[in-house]
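The values are calculated or read from the model by the stated rules, or taken from the named source; none is laboratory data. Owing to the predicted nature of the structure, the values given are computational and were not obtained by experimental measurement. Every residue, glycine as well, gets a Cβ built from its backbone with ideal geometry; the counts of neighbours run over all protein chains shown.
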Amino acid sequence: MNINSLPEASHDAPAVRRPRQRVRVGVLGCADVAYRRMLPAMAAEPAIDLVAVASRTPEKSARFAAGFGCEPVVGYEALLERTDLDAVYLPLPAALHQPWTIRALNAGLHVLVEKPFAVSLAEAEQAVALADARGVLMMESFMFLHHAQHAAVRKMVDEGAIGEVRVFTCDAGIPPRPADDIRYQSALGGGALLDVGVYPIRAARLLLGDELEVLGSCLRIDREREVDLGGSALLCTPGGAGARLSFGIEHAYRSTYALWGSEGRIEIHRAFTPPEQHPPVIRLERQNHVEELTLAPDHQFARIAAAFARTVIEGAGFARHGEDILRQAALVDAVRSRARRVDAAAVPALTSRTDRP
């Protein structure tokens, strides 16, 4: 699905919804992450009324709706035509995020969109311009940003726990999925960069700031399916602090980052998808000293659901979310455009060898 021109907000377009106490939310798509993580969080959030769930098939919408006490809807357009919604949550495949966001914005609805918001900077610019014109909130759903462990890391860095930050390293990877998984479908926005590579990029922005430059990158390409299976990127700040990022969808599971400074090092594991009962551990290494700080468990899905509802109700601060979407999309585009592409089939991956001297 392609949208080649920006739909302009017309005078007869539906008015933007302005809830005062509770945000009435519809769900556009029945993704697994929605059922397992986001919908339970939304259903438990006092400031959200989960009204309806839409799918292309009646069986799936009925199953999702029954689990959360809301109404099943067949067809995405039918959901957007409802008058009892203030916002939609959009967990569709990546290539469908921007086109259906455009339609939701034109219906006067606020939108919480699963990452990545769009498959390119051009798509993101189109949607942000429309959201600004309509005065509607558009938020990219990077749940990890709302987890308390990252605020704790930033506080330690700000207080000088590792001196001046020299290097940020981050790895995000998942094991291979079944052959028909959407991650292997280029038409749906598949590939490792858009699926898991966006996490290290967003984490680098969180901890090093928004003036990062992509110096180079590499993508391992499946030519037959026309998707990238993994990659790496090197970025730096204007002050010379480096970021080394790695990601993939044919890897042992990994979700970790570290900050190496002039006086020490901080590392965390389960950086992006910690279970809500998981007590995060921050490891601090200094000369002749190692300390592990265990934090209380936190529920990042509940936190982002509450943040989205609060922002909609307050009716302020919408623009910064659009700016954040554009900065993220620009870096993803830069990693893609600067990449050396390696044919995954033509060049065998390195393996451990027992015949080395």
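Which members of the stretch 45-67 meet the condition of being touching a helix residue (DSSP H, G or I) at 6+ places or on another chain (Cβ under 9 Å) and surrounded by fewer than 15 Cβ atoms within 10 Å (Cβ to Cβ)?
Across the stretch 45-67, the qualifying residues are Pro46, Arg56, Gly67.
Only one of these is in contact with an Asp or Glu (Cβ under 8 Å, 6 or more places away or on another chain), touching a residue at least 12 places away in the same chain (Cβ under 8 Å) and not assigned by TED's automatic domain parsing to the domain that holds Val128: Glu250, Glu285. Name it.
Glu285
Being in a helix (DSSP H, G or I) and farther than 24 Å from Arg18 by Cα is the filter here; which residues of the stretch 41-67 pass it?
Within the stretch 41-67, Pro58, Glu59, Lys60, Ser61, Ala62, Arg63, Phe64, Ala65, Ala66, Gly67 meet the criteria.
Tell me the residue from Gly190, Gly197, Gly231 that is assigned to a loop (DSSP other than H, G, I, E, B), closer than 16 Å to Pro116 by Cβ and in contact (Cβ under 8 Å) with a residue 12 or more places away in the chain, please.
Working: Gly197 fails: assigned to a loop (DSSP other than H, G, I, E, B); Gly231 fails: assigned to a loop (DSSP other than H, G, I, E, B).
None of the other options fit; the residue is Gly190.
Scanning the stretch 120-163 for residues that are without any contact (Cβ under 8 Å) to a residue 12 or more places away in the chain and within 19 Å of the chain's Cα centre (by Cα), which turns out nearest to Asn288 (Cα to Cα)?
Selected residue: Ala151.
Out of all the residues in the stretch 304-317, which are surrounded by fewer than 19 Cβ atoms within 10 Å (Cβ to Cβ) and either over 11 Å from Met139 (Cβ atoms) or over 17 Å from the mean Cα position of the chain (by Cα) (or both)?
Step one: filter the stretch 304-317 for residues surrounded by fewer than 19 Cβ atoms within 10 Å (Cβ to Cβ), giving 307, 310, 313-317.
Those that are surrounded by fewer than 19 Cβ atoms within 10 Å (Cβ to Cβ) and either over 11 Å from Met139 (Cβ atoms) or over 17 Å from the mean Cα position of the chain (by Cα) (or both): Arg310, Ile313, Glu314, Gly315, Ala316, Gly317.
Where residues in the stretch 205-228 are assigned to a loop (DSSP other than H, G, I, E, B) and over 19 Å from the mean Cα position of the chain (by Cα), which of them is farthest from Asp324 (Cα to Cα)?
If we take residues in the stretch 205-228 being assigned to a loop (DSSP other than H, G, I, E, B) and over 19 Å from the mean Cα position of the chain (by Cα), then Glu224 is farthest from Asp324 (Cα to Cα).
Pairs please, first residue from the stretch 72-101 and surrounded by fewer than 23 Cβ atoms within 10 Å (Cβ to Cβ) and at pLDDT below 95, second anywhere and assigned to a loop (DSSP other than H, G, I, E, B) and among the β-branched types (Val, Ile, Thr), Cβ atoms under 8 Å, 6+ apart in sequence or on different chains.
Filtered contacts from the stretch 72-101: no entries.
Mind checking which residues of the stretch 206-220 are farther than 30 Å from Ala148 by Cβ and not charged (D, E, K, R)?
Those that are farther than 30 Å from Ala148 by Cβ and not charged (D, E, K, R): Leu215, Gly216, Ser217, Cys218, Leu219.
Where residues in the stretch 318-338 are touching a residue at least 12 places away in the same chain (Cβ under 8 Å) and small (Gly, Ala, Ser), which of them is surrounded by the fewest Cβ atoms within 10 Å (Cβ to Cβ)?
Ala319
Considering each of Arg244, Arg265 in turn, give the residue that is among the basic types (Lys, Arg), more than 16 Å from Val332 (Cα to Cα) and either in contact with a strand residue (DSSP E or B) (Cβ under 9 Å, 6 or more places away or on another chain) or outside the structural domain of Gly160 (by TED's automatic domain parsing) (or both).
Arg265
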